[in-house]
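Beneath this line is the structure, given in structure tokens, with notes to follow.
The values are calculated or read from the model by the stated rules, or taken from the named source; none is laboratory data. Just so you know, these numbers come straight off a predicted model, no measurement behind them. Note: ideal-geometry Cβ built from the backbone for every residue, glycine included; neighbour counts use all protein chains shown.
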Amino acid sequence: MTTTGLRDRGDGGTFPYDLSPWQQALRAQFPIITAHPGLTYLDSAATAQKPEAVLHAVHTYLTTANANAGRGTYPWANASTELVERTRAQVKSFLSDPEPDRSTVHFTSGTSEGLRAVARDWLPDLLSDGDEIVVPYADHQANVLPWLEARDLLAARGIRIGVREMPYQTSSGDYDAAALARLVGPRTRFVATTHVHHVYGADMNVHRIRAAVGPDIPICLDAAQSIGHQPVSVAALDVDFAVFSGHKALALPGTGAVWARQTRGPRFTPGGWSGTPNTAGVASLAAALDWLREAGTDRIARWTTALALRLTDGLRHLPAYRILGCQTSLAQDSPVQHRAGIVTFRHRSIGASDLGFILFSHGFMVRTDGHCQGAAGEKTSSVRVSTHVYNTPEEIDRLLAVLGGLE
Ligand SMILES: Cc1ncc(COP(=O)(O)O)c(C=O)c1O
């Protein structure tokens with residue numbers, strides 16, 4: 001059933017070749033990809049490439065309506081204000097917000113700034129002396145450090161809060177919801193979670209967290225690695241915050257948002273004077289969310305998961321490599337089947353940065369370091385391959401051929 005002439009790897013013939021025409025049409029819309037046929041971008045977990053529609057929207061905005069938003073009454077200023085308000089509504093709808101009248105969207109430069117805003121401008125109002133919060137120490141440090149900063153800030157004011165470590169399952173790398181249920185007590189006030197792990201590519205099974213913690217505790221979702229890669233539904237996950245980076249979802253660098261539900265805990269009001277918004281960035285985010293909706297995040301998930309499984313299977317046959325986190329069994333009931341398009345690994349004897357240089361000499365751009373993991377994360381550098389809709393099975397096969405040559 002292949003349309004590309006590729007041999008099936010151990011994906012059991014399940015590679016979604018039916019999506020190939022769809023994928024080829026979308027790939028053609030990324031100018032930086034088509035302009036560099038000799039290069040393969042495999043670092044989308046760091047930042048994603050931008051389709052023509054996003055670049056066009058930014059150009060159109062800057063050449064027809066560029067003005068400060070929320071100030072002024074002339075047409076360009078009004079158009080900018082409307083753009084920002086319209087995009088707030090669009091973010092709510094993209095996240096399947098069930099009650100858009102009872103939520104806010106605050107634009108930020110990315111997930112780091114967004115999580116910090118939640119920790120700085122909302123969390124302290126929730127907490128009294130002796131309360132506890134749950135923090136995912138093996139996730140991205142952007143989802144660890146802000147909560148510890150909040151704890152230290154409160155301690156300086158004489159309010160001592162306990163920080164409990166989110167429990168993980170050692171076999172699959174996602175959260176251990178049963179252990180979390182045992183950890184949660186009468187003083188637990190807040191739980192920080194991540195949708196998709198940025199190193200392991202694991203779906204963290206956040207849908208199990210609400211049942212584990214009960215109906216009243218606010219949950220914050222770091223959606224940095226899921227936004228634009230798979231459907232993200234705040235309704236289905238029943239979370240109170242969803243924080244993401246626009247630049248990982250095909251929008252410009254310096255874009256992101258905090259979505260906040262106003263029903264559990266105090267109202268989220270970003271503090272301080274935030275100044276001129278990144279209106280061109282907001283224009284790019286609006287265009288990116290439109291593009292993603294049209295492309296279908298469910299199809300993007302099918303495609304990128306299949307790429308990751310192809311790579312996982314190929315690496316399984318190369319003993320010099322060890323995959324981190326997600327297990328290497330490809331059985332239908334294995335958690336690896338739910339992984340996102342991210343695979344991280346080490347070579348038995350070649351260091352990660354050397355491997356990165358070798359791979360780039362073959363045109364592959366991958367991430368090579370510790371990946372900003374929190375304190376409970378991996379201690380040694382590794383190579384992370386992360387995909388998006390523009391990547392192809394041919395690219396994964398070429399990568400595997402190069403990796404195989406280094407056995
Ligand atoms: C899971 C996760 N959270 C947070 C961040 C931080 O995102 P940003 O650098 O856009 O602030 C990243 C970035 O890689 C991430 O992967």
Is it the case that some residue within segment 232-241 is within 11 Å of the ligand (Cβ to nearest atom) and in contact with a strand residue (DSSP E or B) (Cβ under 7 Å, 6 or more places away or on another chain)? no
Residues located in segment 121-131, provided they are surrounded by fewer than 24 Cβ atoms within 10 Å (Cβ to Cβ) and either among the aliphatic types (A, V, I, L, M) or touching a helix residue (DSSP H, G or I) at 6+ places or on another chain (Cβ under 7 Å) (or both): P124, L126, L127
L83 being surrounded by 17 or more Cβ atoms within 10 Å (Cβ to Cβ), more than 16 Å from the ligand (Cβ to nearest atom) and more than 23 Å from the chain's Cα centre (by Cα): yes
Taking the stated definitions as given, is W259 among the hydrophobic types (A, V, I, L, M, F, W, C), surrounded by fewer than 22 Cβ atoms within 10 Å (Cβ to Cβ) and farther than 27 Å from R160 by Cβ? no
Filter segment 243-261 for residues that are of a type outside the set (S, T, N, Q), part of a strand (DSSP E or B) and closer than 12 Å to S112 by Cα; the one that is nearest to the ligand (Cβ to nearest atom) is G256
Do we have A48 as assigned to a helix (DSSP H, G or I) and of a type in the set (G, A, S) here? no
Subset of segment 24-61 that is among the hydrophobic types (A, V, I, L, M, F, W, C) and surrounded by fewer than 13 Cβ atoms within 10 Å (Cβ to Cβ) - its residue that is farthest from the ligand (Cβ to nearest atom): A25
Identify the single condition in (1) under 20 Å from A287 (Cα atoms); (2) more than 23 Å from the chain's Cα centre (by Cα); (3) without any contact (Cβ under 8 Å) to a residue 24 or more places away in the chain that A89 does not satisfy, given that it satisfies every other one. (2)
Given (1) within 16 Å of the ligand (Cβ to nearest atom); (2) closer than 17 Å to S284 by Cβ; (3) touching a helix residue (DSSP H, G or I) at 6+ places or on another chain (Cβ under 6 Å); (4) not acidic (D, E), number of the condition R116 does not satisfy: (2)
For G246, all conditions in the list (1) surrounded by fewer than 23 Cβ atoms within 10 Å (Cβ to Cβ); (2) in contact with a Leu (Cβ under 6 Å, 6 or more places away or on another chain); (3) not aliphatic (A, V, I, L, M) hold save one; what is the number of the exception? (1)
Could you list, in sequence order, all residues of segment 26-72 that are touching a Leu at 6+ places or on another chain (Cβ under 8 Å), more than 16 Å from A286 (Cβ to Cβ) and among the hydroxyl-bearing types (S, T, Y)? T40
Looking only at segment 117-124, decide whether some residue is in a helix (DSSP H, G or I), under 29 Å from I342 (Cβ atoms) and free of Cβ contacts under 8 Å to residues at least 40 places away in the same chain. yes
Any residue that is modelled with pLDDT under 95 and not charged (D, E, K, R) - is there at least one of those in segment 253-264? yes
Criterion violated by P277 - all others in (1) within 12 Å of T108 (Cα to Cα); (2) within 15 Å of the ligand (Cβ to nearest atom) satisfied: (2)
From R310, R261, which residue is touching a residue at least 24 places away in the same chain (Cβ under 8 Å), over 18 Å from the mean Cα position of the chain (by Cα) and not assigned by TED's automatic domain parsing to the domain that holds G185? R310
Just checking, how many residues over segment 172-231 are charged (D, E, K, R) and touching a helix residue (DSSP H, G or I) at 6+ places or on another chain (Cβ under 8 Å)? 6
